[in-house]
Amino acid sequence: MAKVAIEAGKVGALRVHATRRRPLRGALLEVVALGGGVILWEVLGWVLAMPWLPPFSKIVAALIQFIQSGVILVNVASSLEGLAIGFGISLIVGLFVGALMGRYRRVEKALDIYVNALLISPAMIFAPIFFAIFGLSGAVRIAVIIMYSVFVIIMNTATAIRTVDPALVEMASSFGANERQIFLRILLPASLPLIFAGIRLGMGRAVKGMINGEMLIAMVGLGALAQRYGSQFEASKVFAIALVVLIIGVVMNWLVEILDHRFTSWAD
Amino acid sequence: MIQIRGLSKEFLGRDGEGTGVLAIDSLNFEVRDNEFLTIIGPSGCGKTTLLRIIAGLIPFDDGEVRIDDKPVTGPGSDRAVVFQNFALMPWANVLTNIAFGLEIRGTPKAEYEDTARRLVRLVGLEGFERRLPKELSGGMQQRVGLARALAVNPRILLMDEPFGALDEQTRRLLQEQLLRIWEKERKTVIFITHSMEEAVFLGDRVMLMTPRPGRVKEIIDVPLKRPRGQETEKSTTFTEIKEYLWENLRSMQVLDQREA
């Protein structure tokens, strides 16, 4: 519980950051920071000449080579497919279970301990069990993604629904609203800001789960590629893949942010 | 006519049992059709609980609540509530908030939009139809709350310290506006307040309640002529009733503090 609150706090900070970023000066600062990082990396890469820190230009070269050979496209597609299915299931299950837990005290009492325990425990611990259930199929990596992302969505949704101003529910009841109307017209819209915070956290965790699952179990997609070049000590290729994963993470977060803004701008 | 007979309500202890708090103890009173009844009493006299029972929002333990001889078992289309903290949906604009009750009751869209626009005019919020509650002052927010209640055209308006959260000037303006609307639309109003001026200025009768448990101390007629306005408060009758209320409330408060 405390953990979620802390992470939600982080998202809150992100949200503030996102709205402050809009002025040109903020955008400029970001570009300068990114450019500075790249230059520093490039210089350190040449000066130190360490095998584990290739200059940034070599990483870009490796990335271009990946793109030209088509290797990256195939693997990105494979990874995104897993992410879409896994995160999609997490979203549906997370919102449904979370809503039930938030609305009905008995459901919450029954499930709270499980959700809390599974939220904190490292998802990879369950990898062997997924293996035993699903064998060597794509389902394993989807199960890992779900394991990573579903609990934070459940937690935030439940908290969101539970903390809706009771005065609003009473107001709706006073006009004769039934349970379905109370849910759709009051509880759901009122909880959206917090639910979206959970979705964003869940998305971040899903990307992590995607790579971990692919690297350690499923041996497909970007994770498998990173694993292969990692064992061959091809640092520039590993960094190139990391860059791609980073971009995927940022783009996904940005997509959630757009939806969030579309539905919850009233709460800003 | 609203009839309350032997009404009692006890709030249970935290564990759902054990010694609870008796909020209301065998209340008896009636509210006549088209009457404006104000209810005043020290905090803890169960006035808000009483209002929520009449609204059908919470159950009671003993006695009966009847409206036109029919027992109250839940919320009904004959009643609408105006809430102390406005209870507006922060994500919905003024028009949507006002139309909420109609929409819940399945009124066709074209019809509830017409009604909502008419009420926007009635409470003087033209030009603010698309604004969100957070963009409005407290007084404007409660006008939305009032318009939302009036939109469903209830016969009975239940108002729970509706102007309690507003500053003095805004409160005065809203009191006068409420009376103007009430003169026109003629509804039965039960109005909870802890302001003595407000109780006398608005009410046909003032019901005085005792604290812990809530009982009816006295129901006082207010023979001030309508329509009421600035002149009303200068009359000796107004001052006398206000003073009488204060004497009573003061003795209750003193007693309360001695007990505590």
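For the range B:63-77, taking the residues that are surrounded by fewer than 16 Cβ atoms within 10 Å (Cβ to Cβ) and part of a loop (DSSP other than H, G, I, E, B), the one that is farthest from the other protein chains (Cβ to nearest Cβ) is identified as B:Asp69.
From the residues in the range A:157-171 that are within 11 Å of chain B (Cβ to nearest Cβ) and not in a loop (DSSP other than H, G, I, E, B), which one is surrounded by the most Cβ atoms within 10 Å (Cβ to Cβ)? That would be A:Met171.
Any idea how many residues of the range B:81-96 are more than 7 Å from chain A (Cβ to nearest Cβ) and touching a residue at least 40 places away in the same chain (Cβ under 8 Å)?
Adding up the residues that qualify gives 6.
Sub-8 Å Cβ pairs linking a first residue in the range A:219-233 that is in a helix (DSSP H, G or I) to a second residue that is of a type in the set (Gly, Ala, Ser) and crowded, with 22+ Cβ neighbours inside 10 Å, at least 6 apart or interchain, are A:Gly221/A:Ser79; A:Gly221/A:Gly82; A:Leu222/A:Ser79; A:Gly223/A:Ser79; A:Gly223/A:Gly213; A:Ala224/A:Ala218, ordered by first then second residue.
The conditions of being more than 20 Å from A:Leu63 (Cβ to Cβ), out of contact with any Phe, Trp or Tyr (no Cβ under 8 Å at 6 or more places or on another chain), among the charged types (D, E, K, R) and crowded, with 21+ Cβ neighbours inside 10 Å are met by A:Arg200. In a residue-by-residue description of the range B:159-169, the property of being aromatic (Phe, Trp, Tyr), in a loop (DSSP other than H, G, I, E, B) and touching a helix residue (DSSP H, G or I) at 6+ places or on another chain (Cβ under 7 Å) applies to at least one position. If the condition is being surrounded by fewer than 18 Cβ atoms within 10 Å (Cβ to Cβ), assigned to a helix (DSSP H, G or I) and within 13 Å of chain A (Cβ to nearest Cβ), then the range B:130-158 contributes B:Lys134, B:Glu135. Note on the range A:223-268: residues that are more than 18 Å from the chain's Cα centre (by Cα) and closer than 30 Å to B:Pro133 by Cβ total 7.
May I ask you to verify whether A:Ser236 is touching a residue at least 60 places away in the same chain (Cβ under 8 Å) and in a helix (DSSP H, G or I)? Yes; evaluated as a whole, the condition is true for this residue. Being more than 21 Å from B:Leu37 (Cα to Cα) and within 17 Å of the chain's Cα centre (by Cα) is not true of B:Leu95. Can you name the number of the only condition in (1) over 21 Å from B:Glu161 (Cβ atoms); (2) part of a strand (DSSP E or B) that B:Leu119 fails? Failed condition: (2). Within the range B:109-122, does at least one residue satisfy the condition of being small (Gly, Ala, Ser), touching a strand residue (DSSP E or B) at 6+ places or on another chain (Cβ under 6 Å) and surrounded by 20 or more Cβ atoms within 10 Å (Cβ to Cβ)? No, every residue in the range B:109-122 fails to be small (Gly, Ala, Ser), touching a strand residue (DSSP E or B) at 6+ places or on another chain (Cβ under 6 Å) and surrounded by 20 or more Cβ atoms within 10 Å (Cβ to Cβ).
Being in a strand (DSSP E or B) and either surrounded by fewer than 11 Cβ atoms within 10 Å (Cβ to Cβ) or among the acidic types (Asp, Glu) (or both) is the filter here; which residues of the range B:214-234 pass it?
Within the range B:214-234, the subset in a strand (DSSP E or B) is B:214-221.
The answer is B:Glu218, B:Asp221.
Within the range A:173-184, if we keep just the residues that are within 7 Å of chain B (Cβ to nearest Cβ) and part of a helix (DSSP H, G or I), the residue that is nearest to B:Ala151 (Cα to Cα) turns out to be A:Ser174.
Can you spot a residue in the range A:189-202 that is under 17 Å from A:Val76 (Cα atoms) and at pLDDT 90 or above? No; the residues of the range A:189-202 include none that is under 17 Å from A:Val76 (Cα atoms) and at pLDDT 90 or above.
Take the residues of the range A:203-221 that are surrounded by 23 or more Cβ atoms within 10 Å (Cβ to Cβ) and farther than 21 Å from A:Val256 by Cα: which is farthest from the other protein chains (Cβ to nearest Cβ)? This residue is A:Ala218.
The values are calculated or read from the model by the stated rules, or taken from the named source; none is laboratory data. Fair warning: this is a prediction, and the values are worked out from it, not measured in the lab. Cβ atoms come from the backbone with ideal geometry, glycine included; neighbour counts cover every protein chain shown.
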